[in-house]
Amino acid sequence: MAFIKLNDLELEVEDGINIIQAAQQVGIEVPHYCFHSGLSRPANCRMCLVEPHEFFPPAGKIVPARQLATGCTTTVRTAPEDRKLEGKYDFIVRTDSPRVKKARENILEFLLIHHPLDCPVCDQAGECTLQDFSFNHGSGTSRYIEVKNVPPKKDLGPEVLLYSTRCIVCTRCIRFCDEVTGTGELGIVHRGSKNEIDIPRKHDGTPTQLLDNKLSGNVVDICPVGALKSKDFLFKSRPWFMKTVNTVCSGCSVGCNITLDFKDDGVYRLKPRYHERINQHWMCDDGRLGYHYVNSEDRLQTPMKRVDGSLVPTSWADAFSIISEQLSAVDPDSMAIVGSAQITNEENYLLRKLADQLEVDTIGIFGRKLGDEYVYPKFTIESDKNPNTRGAKDMLCQNGTEVLEDGPLWSALSDKKFVYLVNGTPERPLDETECDALEKAGFLVVQDILLSEVAELADIVLPGATFAEKDGCFTNSKGWVQRIRKSISSPGQAQPDWEIIQQIVKKLGGDIDYNFVGEIALEIAEKVAGYQDANHQQISDQGVLINSLSVDQ
């Protein structure tokens, strides 16, 4: 640990961190644009200039260094005893001296020379560091009287637009494509004051390579000035009109930590949230853009039952009564309960309790089919496109019970007289084998969020909730148990899946009465191996790594 003096504060910091990071630990802002902790440090924006102090032998005292230093590349380390300043400090630096303030003001004036005054129409307004630093560190006036450069707006690829007039050439986006994805789509074209960010193009302007890697949306997140914008979010909402919750992406088994921005019972935007051991600063575009089904007008809003070959709306009470009647007429050997890799640990745990109550031995897991794996230098998109395969297995595979998947599952379902299947998987087509197995099942109850191909075959359809409409936990492929949090209400009469399952258990005489999902998590911590530290009170925003191996391992 290094002992430093920052402005008038004394603090201990880890060896090797830079001045920006050290200042953040005590709430001091060192403005910066090019620095990002997940990327290399070119020190090209010069906004983070600070004033180191050093011992000056002729004067016999400690004085400010002759030159200001960039805070992003100036690191602190423990100094030898004979080189400590004032007999105890490893480093002394000021971030608020008159010389530093004047330098920042001058740098901002240069950065704003060609920048348009379009904050009222810019999507970055309200979360723009250029805007914030201009207020906090700028001069308020410009001496530039020449004609401004007005480079064109550019379409960089399927997801990203570049408003070149706003760009300050901090090169974060270039470094991301070089270092994180390794795809190198972006670079600097032209020279001097006319340089711009762009993709490779022919002389006539035709692109030869698009920004179309699976992580392209991250360049929008790291752009500090609103030059790079998401086509999906463009002009949707001002940030101050939205609310935000910390949650987990449901797109695959990585379990990226994200923030979910919502308004008026609709999801507007997903952005990555830092987790050192799971997704760092990033998330994939499939996860980022995979929320639209939540807002779909085709969401199931009421229970449905099959009458004369067609599904028609019914009440919850009627649906539960029909399910109860069907179960009472079927032997346990002729029943099957199929959990989902899309629903939470708590919900799969209740399905297991239902199976135990009914003495059902045929238990399965349903979810998205395996997709492609994408391996980038600093990020991997896993092939399992379900957020909770590991958790579903941990909850359902109790007491040595075999949990069926894929081929064995469909073979087992085809001769069952009663099948209760929880889906919750958007856009999950059925192949011929799967469709044939469900059609042969005697009575099919499907709990779903959309009228999917699975739900269309059901005798009873129960409307469930998406990851944005309920609380609970997912367990990712590495064993991290992480909380998802409710942000919006479910449409119509749709309910969180755990509440639906609980009502079925109670209808069948089961003695359970959970008031909120955290009570189920407490029971899981007591009864499921490895989950003793995974109740909601102990799970922070960074999750908990469970001790047990997965069922497969």
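Any read-out appearing in this document is the output of simple, stated calculations on the displayed coordinates, not a laboratory observation. Fair warning: this is a prediction, and the values are worked out from it, not measured in the lab. Glycine also receives a Cβ, built like all others from the backbone with ideal geometry; neighbour counts cover every protein chain displayed.
A simple charge model with +1 on the Cβ of Lys and Arg, -1 on the Cβ of Asp and Glu and nothing else charged puts the dipole of the stretch 2-105 at about 480 debye relative to its Cα centre. Classification of the stretch 354-401 by its C-alpha gyration tensor yields a prolate form. The axis ratio a/c (a ≥ b ≥ c) is 1.5 or more, and a/b outweighs b/c. Helix 316-328 and the long axis of the chain differ in direction by around 50°, with both axes built from C-alpha atoms. On a C-alpha basis, how far is the centre of the stretch 263-291 from the centre of the stretch 345-361 in Å? Whole number, if you could? A separation of 31 Å, based on Cα centres.
A dipole drawn for the chain from +1 and -1 charges on Cβ atoms has a positive end, and of 528, 247, 31 the residue lying farthest that way is 31. For the stretch 2-105, relative contact order (Cα pairs under 8 Å, six or more residues apart, normalised by length) works out to 35 percent. The distance linking the stretch 456-480 with the stretch 155-221 is 37 Å (Cα centroid to Cα centroid, whole angstrom).
Summing charges over all other residues whose Cβ lies under 14 Å from the Cβ of residue 110, with Lys and Arg as +1 and Asp and Glu as -1, gives +2.
Would you work out if the stretch 340-441 is rounded, prolate or oblate? Take a ≥ b ≥ c from the square roots of the eigenvalues of the alpha-carbon gyration tensor; rounded if a/c is under 1.5, else prolate when a/b is larger than b/c, oblate otherwise. Oblate, since a/c reaches 1.5 and b/c is not below a/b. About its Cα centre, the stretch 409-553 has a charge dipole of approximately 380 debye under the convention of +1 per Lys or Arg Cβ and -1 per Asp or Glu Cβ, with nothing else charged. Each of residue 236 and residue 324 was given a label point 7 Å from its Cα along the Cα-to-Cβ line. The distance between the two points is 4.2 nm.
Kindly provide the helix-only [θ] at 222 nm of the chain, computed as the sum of -39,500 (n - 2.57) over DSSP H runs of four or more divided by all residues, to the nearest 500 deg cm²/dmol?
Counting only the DSSP helices, I get -6000 deg cm²/dmol.
The amide H of residue 376, built 1.01 Å from its N in the peptide plane, has 381 as neighbours under 5 Å, considering only residues 5 or more places off or on other chains.
Assign one of three labels to the stretch 1-106, namely rounded, prolate or oblate, based on the Cα gyration tensor with a ≥ b ≥ c the square roots of its eigenvalues; rounded applies when a/c is under 1.5, prolate when it is not and a/b is larger than b/c, and oblate otherwise. In terms of gyration-tensor shape, oblate.
Could you pull out the GluC sites (Glu not before Pro) across the stretch 11-58 that fall in loop regions by DSSP (anything but H, G, I, E, B) with no more than 16 other Cβ atoms inside 10 Å?
Answer by residue number: 14, 29.
For the stretch 309-368, applying the loop criterion from DSSP together with a ceiling of 10 other beta carbons within 10 Å to the GluC sites (Glu not before Pro) yields 359.
Loop-resident chymotrypsin sites (Phe, Trp or Tyr not before Pro) (DSSP state other than H, G, I, E or B) in the stretch 271-304 with no more than 15 further Cβ atoms inside 10 Å of their Cβ: 274.
For the chain, the Cβ-based charge dipole about the Cα centre amounts to some 3100 debye (Lys, Arg positive; Asp, Glu negative; other atoms uncharged). Fewest-first ordering of 528, 220 by other beta carbons within 10 Å of each residue's beta carbon gives 528, 220. Listed by Cβ neighbour count within 10 Å, with the fewest neighbours leading, 186, 451, 522 appear as 522, 451, 186. Between amide H atoms placed 1.01 Å from N, distances below 5 Å from residue 160 occur with 231, all of them 5 or more places distant or on a separate chain. Using a cut-off of 21 Å between alpha-carbon atoms, which lysines can reach residue 506, once sequence neighbours fewer than 8 places away in the same chain are excluded? Leaving aside lysines fewer than 8 places away in the same chain, those within reach of residue 506 are 305, 353, 470, 527.
Phi angles of the stretch 491-497 translate, via the Karplus equation with coefficients 6.51, -1.76, 1.60 and θ = phi - 60°, into HN-Hα couplings of x, x, 9, 4, 10, x, 4 Hz per residue; Gly and Pro are given as x.
Residues 240, 480, arranged from fewest to most other Cβ atoms within 10 angstrom of their Cβ, appear as 240, 480. Using the Cβ-Cβ distance between residue 190 and residue 86 with R0 = 41 Å, the FRET efficiency computed as 1/(1 + (r/R0)^6) comes to roughly 0.25. Whole angstrom only: what separates the Cα centroid of the stretch 64-139 from the Cα centroid of the stretch 508-534? Spelled out, the Cα-based centre of one part sits 51 Å from the other.
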